[in-house]
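Every read-out reported here was derived from the displayed coordinates using simple, explicitly stated rules and does not represent laboratory data. A quick note: this is a predicted structure, and the numbers were derived from the prediction, not measured. No Cβ is skipped: glycine too gets one built from the backbone with ideal geometry, and neighbour counts run over all protein chains shown.
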Amino acid sequence: MRANDIRAKAGEEPVTMLTAYDAPTATVVEEAGVDIALVGDSVGNLRLGHDSTLPVTVEEIASRTAAVARATADVFVLADMPFLSYGADEAEAIQNCGRMVKEAGADGVKLESGPHTVDLTRRLTQLGIPVQAHLGLTPQRENETGLFRQGTDEESATEIVELAQAHEEAGAFSLVLEHVPANLGAAVTDALDIPTIGIGAGPDCDGQVLTVDEVIGLSEDVAPFSKRFGDVREEMASAIEGYVDAVEDGTFPADEHSYVEDELDDLY
Ligand code: KIV
Ligand code: NA
């Protein structure tokens, strides 16, 4: 899957995108037919015990991107660039984004977008690093905005539409829209040729994205705009409790889990 294949789906076929942070999850995500596996900075909250995405490092995203890329063949592997790894200095941003492609095996990068990412999106695209834009709620700015729905009045909705068009013009191959009113999701989708991929942005986007931890029911909490499609947490709890009980009551290990070396019988 290439950026152009994703681009071509706009208005034709729904784009499916889901996070993946490790090799085994990535194989399941790929086998289920997901188009884009996002190595999201949500790994900070969901897997690393942080209470925001802000502490996530370039190393952490690079290492997990490499794991996802090694485990998959066709799914588009998208590295989510962490807080302050882009946007301050262009050369440093290009180096950080380039590392995801050159060293980790990503097929593209996602940047939480704003006025400061239009030129960077153009430059990266020219260099051959596909860029997915991200507007609406951009959690890396949570200390500025809070984690609330964005684009709820005319001025902020207009700003999102204009920034979406600016990023499309700069070469972005798709755009995530997070936590905006459904009618704004529809309006941005109408205004663009590239696919919009919504999370809490209503049913009219060209595609949808969620975190895999919410979808499989691994995380304890589920955002109101997200949905659990399974209960992996319950499965994990019952397996782990089963193991603890079996060790405590002596039923594990059983004979079939052990090996006796006859030669040692004479010695001990
Ligand atoms: O990090 C993430 O999981 C994301 C998606 C929710 C779009 O950015
Ligand atoms: Na993210």
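Just a few scattered comments:
- Cα shape, segment 59-171, gyration tensor, a/c 1.5 rule: prolate
- Between E159 and D266, full extension at 0.36 nm per residue minus the direct alpha carbon distance yields a gain of 30.3 nm.
- Highest mean packing first, where packing is the average number of other Cβ atoms within 10 Å per residue, the peptides 144-157, 238-251 line up as 144-157, 238-251.
- Measuring nothing but how far apart in sequence close Cα pairs (under 8 Å, 6+ apart) lie, relative to its length, the chain scores a relative contact order of 16 percent.
- For segment 13-99: relative contact order, % (alpha-carbon pairs under 8 angstrom, 6 or more apart): 30
- Counting neighbouring Cβ atoms within 10 Å and putting the fewest first, the residues M236, M17 line up as M236, M17.
- Global form of segment 142-212, assessed from the alpha-carbon gyration tensor, a/c cut-off 1.5: rounded
- The charge dipole of the chain, taken about its Cα centre with unit charges on the Cβ of Lys, Arg, Asp and Glu (plus for the first two, minus for the last two), comes to roughly 1460 debye.
- Put simply, the amide H of S219, placed in the peptide plane, has neighbours under 5 Å in E214, leaving out anything fewer than 5 places away on its chain.
- If R0 equals 22 Å, the separation of the Cβ atoms of N143 and T57 corresponds to a calculated FRET efficiency of about 0.75.
- Multiplying the residue separation of I240 and E31 by 0.36 nm and removing their Cα-Cα distance gives an extension gain of 72.6 nm.
- Sequence ranges 175-184, 90-99, ranked by mean other-Cβ count within 10 angstrom, highest first: 175-184, 90-99
- Its Cα gyration tensor gives the chain an equivalent ellipsoid, and the semi-axes of that ellipsoid, as √(5λ) in whole Å with the largest first, are 40, 21, 17.
- Backbone amide hydrogens, once placed in the peptide plane, bring V34 within less than 5 Å of nothing, excluding anything fewer than 5 places away on its chain.
- Spin-label pair E248/V222, simplified geometry with 7 Å Cα→Cβ offset, distance in nm: 3.0
- Membrane-span-like helices in the chain (whole DSSP H runs, Cα extent of at least 18 Å along the helix axis, mean Kyte-Doolittle hydropathy of at least -1.0): 58-71, 154-170, 232-248.
- Residues F173, F225, sorted so that the one with the fewest Cβ neighbours within 10 Å comes first: F225, F173
- Dipole of segment 3-230, positive end: most advanced residue of V58, A79, T25 [Cβ charges, Cα centre]: T25
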